[in-house]
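Here's the structure we're looking at; comments come further down.
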Amino acid sequence: MKKWFIYFLLCTYLTSFSEVRQLVKMPRLVEHFISHKMANHDMSIYAFIKMHYIDEQIVDSDYKQDMKLPFKTHDFSNSIVNLNIPPESPSLNILQQSIYVDRSTHFSHSEKYYPSVFSKIWEPPKI
């Protein structure tokens, strides 16, 4: 059972995410070559491949059939488009902790900065 499940996942991956699904179109290539061979008996496989893949493509009566051949067109069924729209006015909100700084030019003596206990211990000598 595990083996079949692995085969299933492998086939799913190869047919959806790569160009391996172009190999499914190989019978169309053979049919198209046979139709060209019936119209022109002297056409070789090399001439057929050169006409359809190497030479410049000419829009003729069987152009639609030519485009159905393998590796003629790319399938973009799994392409992803991301649309990123920037905001109209970008804003940056940063929370800052404000620190109180007293910028006043007035200085006064305050007990909380210079307690009176220390003033009694460190008194200058009296003259």
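The values are calculated or read from the model by the stated rules, or taken from the named source; none is laboratory data. What you see is a predicted model, and the numbers here were worked out from it, not measured in a lab. Neighbour counts run over all protein chains shown; Cβ positions are idealised from the backbone, glycine included.
Worth pointing out:
- Some residue of region 70-87 being assigned to a helix (DSSP H, G or I), surrounded by 10 or more Cβ atoms within 10 Å (Cβ to Cβ), on the phi < 0 side of the Ramachandran plot and modelled with pLDDT of 85 or more: no
- Residue check, ILE6 farther than 26 Å from GLN65 by Cβ and assigned to a helix (DSSP H, G or I): yes
- Near pairs, Cβ below 7 angstrom, 6+ apart or cross-chain, from region 81-107 (among the acidic types (Asp, Glu)) to any residue that is at pLDDT 70 or above and not in a loop (DSSP other than H, G, I, E, B): none
- One residue alone among VAL20, VAL59 is within 21 Å of THR73 (Cα to Cα), free of Cβ contacts under 8 Å to residues at least 24 places away in the same chain and in a helix (DSSP H, G or I), and that residue is VAL20.
- Being modelled with pLDDT of 70 or more, at negative phi and among the polar types (S, T, N, Q) is true of SER98.
- Looking across region 24-49 at every residue that is exposed (fewer than 13 other Cβ atoms within 10 Å of the Cβ) and under 36 Å from the mean Cα position of the chain (by Cα), the one that is nearest to THR12 (Cα to Cα) is identified as VAL24.
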